[in-house]
Structure formats: structure tokens, C-alpha cells
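Accompanying notes for the structure given below.
The values are calculated or read from the model by the stated rules, or taken from the named source; none is laboratory data. Everything quoted here is computed from the prediction, not taken from an experiment. Cβ atoms come from the backbone with ideal geometry, glycine included; neighbour counts cover every protein chain shown. SASA here: full protein model, heavy atoms, side chains in, ligands and nucleic acids out. Shrake-Rupley method; radii C 1.70, N 1.55, O 1.52, S 1.80 Å.
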Amino acid sequence: MEPFSCDTFVALPPATVANRIIFGKNSDRLCDEVQEVVYFPAAVHDNLGEHLKCTYIEIDQVPETYAVVLSRPAWLWGAEMGANEHGVCIGNEAVWGREEVCDEEALLGMDLVRLGLERADTAEKALNVIVDLLEKYGQGGNCTEGRMAFSYHNSFLIADRNEAWILETAGKYWAAEKVQEGVRNISNQLSLTTKIDREHPDMRTHAKQKGWWDGKKEFDFAAAYSYLDTAKMMTSSGRYCEGYKLLNKHKGNITFETMMEILRDKPSGINMEGEFLTTASMVSILPQDSRLPCIHFFTGTPDPERSVFKPFIFVPHISQLLDTSSPTFELEGLVKKKSHFKPDRRHPLYRKHQQALEVVNNNEEKAKVMLDSMRKLEKELFRQMESILQNKHLDVDKIVNLFPQCTKDEIQIYQSNVSS
């Protein structure tokens, strides 16, 4: 079983219906790691002399940051996946290759996800933000809390209302591909081959100096910077290939519900179980019509098959997402320095979800009743969101409390099953 084996997907017209771009990601991490869903409003930063503290290092702040909603491991600053108020979505993946992974503390790939969302109003601008920060500060540091040392390079899938970009890195070197139609996915391997639309200026020279490319045959990024046989990449039984098959199976009819089905698929390994499991999931609808709102669904709990996808829409004065926000601790510095202290980071939704699963795991009848109630809630939420997109009408007073209210409704389902 591959550790930290996330999967990120995007589908663009004509693969989708109703001129929408659909983004989705499963975050697969250690089974006891809590992932929270948090919102940060847009902000103006007047004192640019003050540095921004990321997970491990401080970097220069920018004059303005955009509002973001993030799904993130509760112990760190960055995010596994998220969206901003301009309809930009980013998910990252752990990747390894020939270039040595740096254990020194720098920016985590998850920090770069959040920084891209906070600082860019289009997908390509987010790519620019990430590669500029990569060049200036580098990537590195432990990607787990405390007990085990684990570092990796990163790939990113970045999407907005118009297009998507695949960005893959190896140390400070990188390559990127623009995606304007059809389907694309990334997993825990380099996947860019000969179609490269943007790249680090020294990327080919470095590969040549290392003896990874002879300088004569067509340059293949994955072949040069990893140990993959790229000719067999699309015929293997790995999750990258399985994910691509699932996308292609539904090509032409992909909706946000199709994307959720893919994220819930266990036979393919996309919905992971075991020591490393799917700890949180996200699906976004990005309508190409800018008059329509982008809608972002988050679970905030493990196993999308036994979770509820709850909608979030950016509007002014959003209510804080208290039921999916983890407690904070004064000893965060000790935690990041591999202390033996490991705080309880479970947020209210996570606790109730866990309690309910423990009760129903040994009771088939109760499990069915609870799952039916969850699907009923979800179906009603989907109906409401589809109505917003069809009727082009947004009740802002309701939307400010949309995600928190959905979370409370979900908690109520768990409470009733625990107490009955």
C-alpha cells in the first residue's frame, strides 16, 4: 500500500455536462490524522515588514490575500486541498524520483497549496506563485506530525473556471502542462511526459548533466526525473491508471456526483483503507459562466463512502466553521519539533462521526439506517445546489451559514444513531 497516496482529478467540457469544470480530490494520510475544514477571509497586510509564519519557516508577506476555504491536517499551516473566492482550486500529491528529497525545513507542498490560493485569482497565476516560492524558499520538511519522519516532492493540480494546470516538481526543478478540455488526474508519480507547456529554465540542462537525458531524443519529464517506464504508465494496475479509467468511463457525462462516486470507489484503491486511508475529500463545481457561483463540497471526515459531502459557497461575512475546526494548542512549536506530546485534534464533527461509526460497525441494521439518513441529507443538499445553478439565484443570508448548518444536520444524524 502506497503511503500518502492521494488522488486529484479534473474534468473539463466536453467531458462534463452544463459547461462546468469539476475538480475532486481524496487526501490519503495516516489513519489517525484529523483533517479540518477551515475558512480564512480576505485580508490586507499593511505591515509588510512582518513575515508570514508557515508550517516551519517564515516568508515575505504580500499586500493582499484572498478568502480561502481549506481542508488540511489540523497540525499544520498549509492545506491538502482547497479553493479561493475567485474559483481557483488546488490539490497536491506526494511524488518521488531521482532528485534527492530535502529533509531540511522549508515550505511543505501543503504550504504551497495555501499560498497559491491566497495569492492568485487564476490557475496560471497560482502556478506562478508556487514556482516563484519554490525557487526562493525550496520545498522540504517532515510531512507528518511527530512520530515518523517523512518527506517528499510535490505535484499539483490547479483549476479555475476556464482551464487547469498540472505542475510537477523535483526539488527546485519543475514542468507544467496546460489542460483545456477532457479529463486529467494525478497520483503519487510524475506523469508529465513530452507535452510540456512551461518549465524551469534549467530543468533540461540539469537532467542532461545528471545523465538522465542524452539531449538528443525527445525530452520526457517523467522518464528523466523518475524511474518510471512511461510507455507502460497507462497500462499498469496503479491508482493513476485506475483513476484515469474511471474518468474515461464517464467521459461526456461527468457531473459533481460522478466525481464523488469516483472518490468513493474502493476496488480501484482511490478510496483507501488501512494504516493510510482517505482522511478527507473535496469536490468543486466551477461553472464557466462567471455569473454562477462556484460550489465546493468537503467531507471533513474519513472515508467518503461513510461521509457527507457538504457545500460551501463564498459570500461576504461567512459564519465561522466551528464544528470542523480543530482545537489549537499553546505547544504547537513542540509538536512540530518531533515532541512526544501529541494533542487530541479531533473537531466536533470528527468526534461524532467516529462515535457513530463505532456504534454501527457491529450493527448492520443501524448502519443502514444511518447511511440512508446521510444520503438523504446529501441528496437534498445536491438538489438545493443544482437549483442555485439552474435558477441563478443566491440567497446570501442563507449561504453565510450554509456549511455550518449542513455540518450541524450531519452531527444530528450521528447523535440520533448513538443515542437510539
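Key figures
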{"read-out": "The lone exception for Lys195 - which of (1) modelled with pLDDT of 95 or more; (2) surrounded by 15 or more Cβ atoms within 10 Å (Cβ to Cβ); (3) in contact with a strand residue (DSSP E or B) (Cβ under 7 Å, 6 or more places away or on another chain); (4) assigned to a loop (DSSP other than H, G, I, E, B) it fails", "value": "(2)"}
{"read-out": "Pair list, Cβ < 6 Å and 6+ apart or interchain, from segment 97-112 residues that are farther than 20 Å from Trp212 by Cα to residues that are open to solvent by 50 Å² or more (accessible area, probe 1.4 Å) and of a type in the set (Phe, Trp, Tyr)", "value": "Ala106/Tyr137; Leu107/Tyr137"}
{"read-out": "Selection status of Ala159, in contact (Cβ under 8 Å) with a residue 12 or more places away in the chain, closer than 16 Å to Arg184 by Cα, out of contact with any helix residue (DSSP H, G or I) (no Cβ under 6 Å at 6 or more places or on another chain) and surrounded by 22 or more Cβ atoms within 10 Å (Cβ to Cβ)", "value": "no"}
{"read-out": "So Phe298, is it within 18 Å of the chain's Cα centre (by Cα) and modelled with pLDDT under 95", "value": "no"}
{"read-out": "Lone qualifier among Gly49, Gly78, Gly87, Gly141 - being farther than 29 Å from Tyr240 by Cα and part of a loop (DSSP other than H, G, I, E, B)", "value": "Gly49"}
{"read-out": "Cβ-Cβ under 8 Å pairs, at least 6 apart or on other chains, segment 300-323 side at positive phi, far side assigned to a helix (DSSP H, G or I) and of a type in the set (Phe, Trp, Tyr)", "value": "Gly300/Tyr350"}
{"read-out": "Pair list, Cβ under 8 Å, 6 or more apart: segment 383-398 residue closer than 18 Å to Thr255 by Cα, other residue of a type in the set (Gly, Ala, Ser)", "value": "Leu389/Ala18"}
{"read-out": "Tally of residues being closer than 21 Å to Glu378 by Cβ, of a type in the set (Ser, Thr, Tyr) and surrounded by fewer than 24 Cβ atoms within 10 Å (Cβ to Cβ) across segment 234-282", "value": "2"}
{"read-out": "In segment 283-313, the residues that are of a type in the set (Gly, Ala, Ser) and either surrounded by fewer than 20 Cβ atoms within 10 Å (Cβ to Cβ) or touching a strand residue (DSSP E or B) at 6+ places or on another chain (Cβ under 6 Å) (or both)", "value": "Ser284, Ser290, Gly300"}
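Per-residue answers, yes or no, for (1) of a type in the set (D, E, K, R); (2) in contact with a Leu (Cβ under 6 Å, 6 or more places away or on another chain); (3) modelled with pLDDT under 95; (4) crowded, with 17+ Cβ neighbours inside 10 Å:
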{"residue": "Glu2", "(1), (2), (3), (4)": "yes, no, yes, no"}
{"residue": "Cys6", "(1), (2), (3), (4)": "no, no, yes, yes"}
{"residue": "Ala11", "(1), (2), (3), (4)": "no, no, no, yes"}
{"residue": "Ala18", "(1), (2), (3), (4)": "no, no, no, no"}
{"residue": "Gly24", "(1), (2), (3), (4)": "no, yes, no, yes"}
{"residue": "Ser27", "(1), (2), (3), (4)": "no, no, no, yes"}
{"residue": "Val38", "(1), (2), (3), (4)": "no, yes, no, yes"}
{"residue": "Asp46", "(1), (2), (3), (4)": "yes, no, yes, no"}
{"residue": "Lys53", "(1), (2), (3), (4)": "yes, no, no, no"}
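Per-residue answers, yes or no, for (1) out of contact with any Pro (no Cβ under 9 Å at 6 or more places or on another chain); (2) in a helix (DSSP H, G or I); (3) surrounded by fewer than 17 Cβ atoms within 10 Å (Cβ to Cβ):
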residue	(1), (2), (3)
Glu365	yes, yes, yes
Met370	yes, yes, no
Lys379	yes, yes, yes
Gln384	no, yes, yes
Leu394	no, no, yes
Pro404	yes, yes, no
